[in-house]
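Here the structure comes first, spelled out in structure tokens, and everything after it is commentary.
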Amino acid sequence: MSTKAFPGIPLRTIREWKRHSSTAQPLSISITASMNADRHRIYQALTVPEYIEAWFSAPGAIEGGTEVFAGEGFFSISYSSTQGERFRILCSYKVCRRSKLLFTWEHNAFSEAASSMVKIRLLGDFGRTTVLVTHVGVALSDHQWYEDLWESSLSRLGKLF
């Protein structure tokens, strides 16, 4: 397979993805939302920990129980579930630009799942932006959870503006 099939993704990222992939065919989820804000404001909401805490909406999470920590090239999201459990999602940026985010995703609630990749594209200018989230490498058993996560989170993100 040629790496030209993945334009814009560095070869290092493709190798890392292959190393973490399981033998089963991974699924992907794509969610699109249109928002009344320019790309810069949405980028801030997607990358600043305090804003992530406001829009991130994991299924079964307690409202207001999300904490985000960001460091150089990574961030982690911790949240409490309604069953009293605490979960963590670890993410490592591969690309972080004003109109494109690409990061690995490891969720400790799904112990059998390998890491996956999330790509967020911001399309548009001025007062209206389309946010396209593609989450690749999702296990079949976790597919509905991730679909609910991204639909709910993008809905909450849109309400910030």
**log10 of Debye I(q)/I(0), alpha-carbon scatterers only, for the stretch 52-100 at 0.15 Å⁻¹** = -0.44
**Message:** Quick check on the stretch 58-148: take the gyration tensor over C-alpha atoms, sort the square-rooted eigenvalues as a ≥ b ≥ c, and tell me if it's rounded (a/c under 1.5), prolate or oblate.
**Reply:** prolate
**Prompt:** Magnitude of the Cβ-charge dipole of the stretch 52-114, K/R +1 and D/E -1, about the Cα centre, nearest 20 debye?
**Reply:** 380 debye
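A short reminder: the numbers here are calculations on the coordinates, not readings from a lab. Predicted model only: the values in this text are computed from it and were never measured. All Cβ positions, glycine included, derive from the backbone under ideal geometry; neighbour counts span all protein chains shown.
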